[in-house]
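J.: Below you'll find the structure I mean.
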Amino acid sequence: MHGLHGCIAPNHNRSYLRTGLDCTPYKIIYRDSIIPTTSNYVLLHASRKTFSNVKVSISAQWTPSVQNVSLSPGETWEDNHLFADENQATLFLGALDSIFLFSYAVGLYLSGVIGDRVNLRYVLCVGLCGSAAVEFVFGTLTEWLHIYNIYLYCGLWVLNGLLQSAVWPCVVAVMGNWFGKTGRGFIFGLWSACASVGNILGAFLASSVLKYGYEYAFLVTSVVQFAGGVVVFFGLLTSPKETGLNPVETDTDSHRPLMSDEENEVEVEVYGRRYQSVQQPDEPLVEPPRAIGFCQAFCLPGVLPYSLAYACLKLVNYSFFFWLPFYLSNNYGWKEAEADRLSVWYDVGGIIGGTVQGLISDFMGKRAPVLAISLALAMGALVGYSNSPNDKVINAALLATTGFFIGGPSNMISSAISADLGRQEALRGSQEALATVTGIVDGTGSIGAAGGQYLVSLIESKLGWMCVFYFFVVMTGGSIVFITPLLFKEVRAMWRDRQALHRQL
Amino acid sequence: MKAGCSQLKPVVLVLIFNVCFYASYQVTELQVCELCGGTILNDTTVGKFCSSSAGRVDGRCCWTNDNTSDPEHIIGLDLSNCSLTHVEDLQAASRALMIDLSLNPIVNVSDSAFQGFTELNYMILPQDIFCPGGNTSWEKVEVKEGNRLCEGQKDTCNQTGQLSINCPENSLCAPYGPGFFECSCADNYHGYKCLREGEFPALQVFGPLGASTVVIAILLWVTQRRKAKSH
């Protein structure tokens with residue numbers, strides 16, 4: 001059966017075909033449900049990137065000017081003493097990054113659980129608008145009122161991490177509701193490239209209003225994000241069920257889980273038919289699906305290994321996000337603006353990598369082999385990049401390659417694989433686990449990333465940049481180790497398919 | 001709407017600030033003029049200067065007496081024979097062209113006493129007190145009849161031979177009294193450390209943004225959620 005997947009086009013074509021039978025404007029709804037969810041995640045990442053991009057301005061605002069002679073007038077040059085110099089301000093900004101990632105990780109565990117129980121639309125809306133409001137207070141209001149306080153900043157950033165964490169699991173759950181498994185790899189790959197698109201958009205937004213003051217960079221991104229939340233509230237359909245259409249689950253093919261063994265197939269078909277009958281448009285729901293417990297979700301097959309693999313991978317990925325411009329200007333002596341511009345190539349590589357690898361995994365019907373090969377190549381790319389010559393073109397090319405092999409798998413685990421895991425047959429489909437599982441995978445990844453930010457700065461100061469890259473190589477190797485059991489399982493299944501096919505012929 | 005608040009808030013703050021500031025300003029101006037008794041005599045240096053520039057004498061001060069455009073301010077200050085030992089706060093007379101501190105037993109002049117006295121051009125001090133900002137800050141320094149005369153304040157920013165004064169990015173050096181300079185924001189720059197350029201075009205940004213949000217929200221509502229079944 002799996003061998004045949006190669007000829008199946010991504011799911012959306014088939015959804016459209018099915019539309020003809022339903023006589024409903026399925027296509028319009030289908031397309032429009034992507035736009036709000038997609039734009040949300042773009043906006044979220046744009047606002048996150050804003051903070052990275054205004055760091056220089058913010059630390060200038062927090063410190064008095066460092067000059068041999070004191071400058072007058074004092075209110076222009078000397079008045080702000082939150083930190084004595086910019087080094088301390090930079091340290092604090094790094095600490096804010098870690099605080100954000102930790103609270104984001106904790107929030108991911110929580111919000112997934114909430115998302116499976118409360119209407120996804122409300123959770124999404126609260127997450128987006130709430131975090132927009134917090135960013136407005138953090139960046140704009142404190143500046144207008146001239147309140148500079150470390151504890152206030154920390155508290156607000158913890159809150160921001162918690163609110164932002166509500167968005168990702170819910171967005172994945174909504175997308176999972178709308179798309180079947182076979183198309184997931186490609187759609188999710190393309191779509192989780194939103195993170196990278198958001199980074200680029202954020203860099204553009206921030207740089208275009210930064211000259212009016214950093215508070216306006218925060219103001220613009222938070223207002224745009226708030227508007228996104230409002231649009232979600234009015235426009236988002238969290239699943240086809242809401243319109244009375246048949247949910248995607250009725251497509252038995254989409255229900256075939258990642259770790260399926262052939263024996264279960266009959267059961268799936270049976271279940272699929274039963275589910276379809278329950279979900280008939282005009283019948284009221286007898287019993288809403290029961291949400292899965294947190295520990296139960298953790299014990300689902302594949303969740304733990306993928307979470308750990310993602311922890312290693314997200315560490316490397318986010319280290320690039322936070323440290324790349326700094327590394328480029330530090331190691332090669334390039335100007336900060338040039339370094340910022342060059343670092344975009346990593347995101348570009350990530351977008352292409354996520355999409356292409358998602359597409360390949362859709363055609364294969366397996367994800368783990370694609371991941372393993374890409375990660376193995378990523379180790380080589382990291383070694384290559386660490387030895388890059390002082391040339392911007394070569395550096396950009398190597399950077400895009402590294403992004404392709406690291407950003408690609410990272411995007412795939414966080415979206416497509418999370419959706420696979422949350423819809424696997426061990427759940428019997430009766431339990432809503434999608435948001436919870438996504439939260440666990442992404443949360444574990446974020447803990448890895450948060451710890452990594454500290455480790456990178458530590459290794460860099462003690463042993464130098466070369467060791468940081470060896471650390472990345474080791475971490476990438478670690479994520480290969482964690483997916484090895486799944487790899488063996490999937491390769492064995494593929495081998496069995498091949499054999500079965502031969503025997504039939 | 002948020003932007004509207006941002007425009008309004010500073011205006012109110014500035015208003016309150018000004019009210020407080022000017023109230024205290026008036027008081028100190030009077031205090032300077034009455035630092036000691038008597039008025040400016042016509043035959044003193046400040047007195048001659050005041051009558052030649054048609055000023056109004058009030059106590060020890062000589063005020064401008066003409067323009068309606070410019071608020072009235074002190075142009076001359078004669079504190080000679082005033083028993084001053086310390087010279088600290090004369091900021092009320094910061095636009096004075098001429099200050100006479102002769103015949104005072106001055107022991108200490110605070111470093112920043114004449115900061116901001118950009119127009120000061122002629123000073124008479126006791127012989128043992130140095131000109132503020134040092135001799136390099138004045139065109140001509142001479143000792144005459146037991147007094148030290150400091151004439152012609154030099155521009156601190158354009159001095160050659162001294163260590164060059166580099167104002168940070170986006171700011172320009174401007175003279176700020178004898179030996180002092182200030183870095184004021186260059187054209188179009190403002191705010192802390194002159195980091196901000198121009199005014200944020202709130203209407204151009206938030207107008208289209210708000211309008212498109214409303215349009216998209218309504219569009220999506222009509223095409224999507226209207227059909228949604230409430231659970």
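J.: Not counting ligands, DNA or RNA, and with a 1.4 Å probe, what is residue A:200's accessible surface area in Å² rounded to the nearest 10?
T.: 60
J.: Now for a different question. Evaluate peptide A:138-145: per residue, the Cβ atoms of other protein chains within 10 Å of its Cβ; return the mean as an integer.
T.: Taking all residues of A:138-145 together, the mean is 2.
J.: So, one more: Counting DSSP beta bridges in segment B:70-187, what percent are antiparallel, to the nearest 5?
T.: Taking every DSSP beta bridge within segment B:70-187, about 65 percent pair in antiparallel fashion.
J.: Using a 1.4 Å probe and ignoring any ligands, DNA or RNA, find the accessible area of residue A:496 and quote it in Å² to the nearest 10.
T.: 100
J.: In square angstrom, rounded to the nearest 10, how much accessible surface does residue A:59 have for a 1.4 Å probe?
T.: Ignoring ligands and nucleic acids, residue A:59 comes out at about 10 Å².
J.: Going by accessible area, probe 1.4 Å, with all protein chains left in place, what is the ranking of A:54, B:222, largest first?
T.: Working: A:54 0, B:222 65 Å².
Greatest to least solvent exposure: B:222, A:54.
J.: What relative contact order, as a whole-number percentage, does segment A:58-181 give when Cα pairs under 8 Å and 6 or more residues apart are counted?
T.: On the way: 118 pairs, mean separation 38.1, N = 124.
Over segment A:58-181, the number comes to 31 percent.
J.: Count charges around residue B:156 for me, please; just the other residues with Cβ under 15 Å from its Cβ, Lys/Arg as +1, Asp/Glu as -1.
T.: -4
J.: Compute the signed sum of charges (Lys and Arg +1, Asp and Glu -1) over the other residues within less than 13 Å, Cβ to Cβ, of residue A:400.
T.: Once all neighbours under 13 Å are counted, the net charge is 0.
J.: Next question, about the same structure. Sorted by accessible area with a 1.4 angstrom probe, largest first, how do B:73, B:86, B:190 fall?
T.: Solvent-accessible surface, decreasing: B:86, B:190, B:73.
J.: What pairs from A:211/B:193; A:49/A:314; A:314/A:392; A:366/A:489; A:392/A:462 go past 20 Å between their alpha carbons?
T.: The pairs that break the limit, which is 20 Å between Cα atoms, are A:314/A:392; A:392/A:462.
J.: When you count, for each residue, the other Cβ atoms within 10 Å and take the mean per peptide, how do A:434-446, B:138-150 rank with the highest first? Kindly include the intermediate steps, with their values, before the conclusion.
T.: On the way: A:434-446: 29.5, B:138-150: 14.6.
The peptides rank, most packed first, as A:434-446, B:138-150.
J.: Something else now. To the nearest whole number, what is the average tally of beta carbon atoms from other chains within 10 Å of the beta carbons of peptide B:168-180? Could you put the intermediate results ahead of the total?
T.: Values: counts 7, 0, 0, 4, 0, 1, 1, 0, 2, 1, 0, 0, 1.
So the per-residue partner count for this stretch is 1.
J.: Relative contact order of segment B:44-166, please, whole-number percent, based on alpha carbon pairs below 8 angstrom and at least 6 residues apart. Kindly include the intermediate steps, with their values, before the conclusion.
T.: Values: 226 pairs, mean separation 19.8, N = 123.
Value for segment B:44-166: 16 percent.
J.: Residue by residue through A:224-232, how many Cβ atoms from other chains fall within 10 Å of the Cβ on average?
T.: Other-chain Cβ atoms within 10 Å of each residue's Cβ, averaged: 4.
The values are calculated or read from the model by the stated rules, or taken from the named source; none is laboratory data. No experiment lies behind these values; they were computed from the predicted model shown. Cβ atoms come from the backbone with ideal geometry, glycine included; neighbour counts cover every protein chain shown. Just the protein is used for accessible areas: all its heavy atoms, side chains included, with ligands, DNA and RNA removed. Shrake-Rupley method; radii C 1.70, N 1.55, O 1.52, S 1.80 Å.
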